[in-house]
Amino acid sequence: MPVYVQNPHPRSLERRSSEDLLAADTRMGAVELLVRDLDAMIAFYSQGVTLEVLEHSGETAVLGRGGQPIVRMRRMPDLPERRSGEAGLFHTAVLFDTESALAEAVLSVARQSPRAFTGSSDHLFSQAFYFDDPEGNGVELYADRPRETWATEDHGLLRVATNPLDPNEFLRTHLPPGRGEQALDGQTLGGPVPLGPPPATLGHVHLQVGDIGLARDFYVDALGFEVMSDVGSALFIAAGGYHHHIAVNTWGTAGAGPRAAALGLGQVNIDLPDDGDVAAVRERLAGHGISSRHDGATLSVEDPWGTLIQIGAAAA
């Protein structure tokens, strides 16, 4: 995992009026994945990540929790795999309400796909575990610490780190006795199957881009997110003071141009509170010379790398 050292660009520290910002109640909508083996992907996200299959019809499936979509998948077997160095998805991040719920999900993925685990980190504001799904898409499972414990740097941005997080110790601490004795180190997993799926939402989406400055122009200045942390090669942005709804990085993708059609990320969805908030984004995009489309329900716009961003009103 990369080590985060704050290196804020002067623009990251600018104070902005509320008219230039997304509504505080902004949330991330479902991430769309273009996949080759739909059945294998459904199995990973349902039996492993513990999401519920909300819809499954033909070549498409929607998984989430409590009726709220987290991942939408479309089978596109003729698409090539994403090439190394191209912009795209770094990971989809599923947020769990409690550390015990997170531990249950981590154990579930380890049981279903023991080789999927790629790392874990304590980011100060959250504790996170990382996996790759069967087609190589990154997946983060995490739980937030209480917001009142989040610390800021002297310059005002949120403090972020990649401190070590022992997965075995985390499971032993947050699962009932006997359930966390074997974890992610190659040992045999034991203990009963959880009684029910833990609550979860889509917490954030982390993207790989070609240039941080261009990403800031689009996601911060035009869309209206605020910079929460700036480590130079990665930017963490959010609405309403959250640690991040979207992150962008150039780790291995610096200089990448528009994306080619490929498996992996299809589109990113953002849910705003109401139609007025969507209209404000549309006006702000136009003011920055960025074209968008509105079909009467959803505002669609592409970021500088051709990733489709769809913005809708949660109330609708």
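The values are calculated or read from the model by the stated rules, or taken from the named source; none is laboratory data. It should be emphasised that the depicted structure is a prediction, and the values quoted were computed from it without experimental measurement. Note that each Cβ is placed from the backbone with ideal geometry, even for glycine, and that neighbours are counted across all protein chains shown. Heavy atoms of the whole protein, side chains included, go into the accessibility calculation; ligands, DNA and RNA do not. Shrake-Rupley method; radii C 1.70, N 1.55, O 1.52, S 1.80 Å.
Do you know which of the residues in the stretch 109-126 that are out of contact with any Gly (no Cβ under 9 Å at 6 or more places or on another chain), in a loop (DSSP other than H, G, I, E, B) and in contact (Cβ under 8 Å) with a residue 40 or more places away in the chain is farthest from residue 35 (Cα to Cα)?
Of all residues in the stretch 109-126, those out of contact with any Gly (no Cβ under 9 Å at 6 or more places or on another chain) come to 115, 117, 119-125.
Right, trim to in a loop (DSSP other than H, G, I, E, B) and you get 115, 123-125.
After this cut, where a residue has to be in contact (Cβ under 8 Å) with a residue 40 or more places away in the chain as well, the list is 123, 125.
Numbers: 123: 30, 125: 32 Å.
Out of the qualifying residues, it is 125.
For every residue, the table says whether it meets (1) over 28 Å from residue 162 (Cα atoms); (2) open to solvent by less than 40 Å² (accessible area, probe 1.4 Å); (3) aromatic (Phe, Trp, Tyr); (4) modelled with pLDDT under 95.
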site	(1), (2), (3), (4)
51	no, yes, no, no
54	yes, no, no, no
72	yes, no, no, no
82	no, no, no, no
89	no, yes, no, no
94	no, yes, no, no
101	no, yes, no, yes
116	no, yes, no, no
125	no, yes, yes, no
query = Is it the case that the stretch 127-140 has a residue that's open to solvent by 60 Å² or more (accessible area, probe 1.4 Å), in a strand (DSSP E or B), on the phi < 0 side of the Ramachandran plot and in contact (Cβ under 8 Å) with a residue 40 or more places away in the chain?
reply = no
remark   = Of (1) at pLDDT below 95; (2) farther than 24 Å from residue 212 by Cα; (3) open to solvent by less than 50 Å² (accessible area, probe 1.4 Å), residue 160 fails just (2)
task = Collect the residues in the stretch 220-273 that are among the hydroxyl-bearing types (Ser, Thr, Tyr) and open to solvent by 10 Å² or more (accessible area, probe 1.4 Å), keeping them in residue-number order.
result = 233, 242, 250
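Give the residues of the stretch 120-154 that are over 16 Å from the mean Cα position of the chain (by Cα) and within 17 Å of residue 95 (Cα to Cα), sorted by residue number.
Restricting attention to the stretch 120-154, the residues satisfying the condition of being over 16 Å from the mean Cα position of the chain (by Cα) are 122, 124, 134-135, 145-154.
Hits for the stretch 120-154 are 122, 124, 145, 146, 147, 150.
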request  = Could you give me the residue pairs with C-beta distances under 7 Å whose first residue belongs to the stretch 89-108 and is in contact (Cβ under 8 Å) with a residue 40 or more places away in the chain and among the charged types (D, E, K, R), whose second residue is part of a helix (DSSP H, G or I) and open to solvent by 10 Å² or more (accessible area, probe 1.4 Å) wherever it lies, and which are 6+ apart or on separate chains?
outcome  = 99/174
note = If we keep only residues of the stretch 172-217 that are polar (S, T, N, Q) and at pLDDT 50 or above, then the residue surrounded by the most Cβ atoms within 10 Å (Cβ to Cβ) is 208
query = When residues of the stretch 274-305 are filtered for being loosely packed, with under 13 Cβ neighbours inside 10 Å, out of contact with any strand residue (DSSP E or B) (no Cβ under 9 Å at 6 or more places or on another chain) and within 25 Å of residue 212 (Cα to Cα), how many remain?
reply = 5
request  = Evaluate the stretch 294-312: report whether one residue or more is farther than 27 Å from residue 145 by Cβ, of a type in the set (S, T, N, Q) and free of Cβ contacts under 8 Å to residues at least 24 places away in the same chain.
outcome  = yes
task = Quick one: residue 63 ticks every box in (1) touching a residue at least 24 places away in the same chain (Cβ under 8 Å); (2) of a type in the set (A, V, I, L, M); (3) open to solvent by less than 10 Å² (accessible area, probe 1.4 Å); (4) under 21 Å from residue 271 (Cα atoms) except a single one, so which number is it?
result = (1)
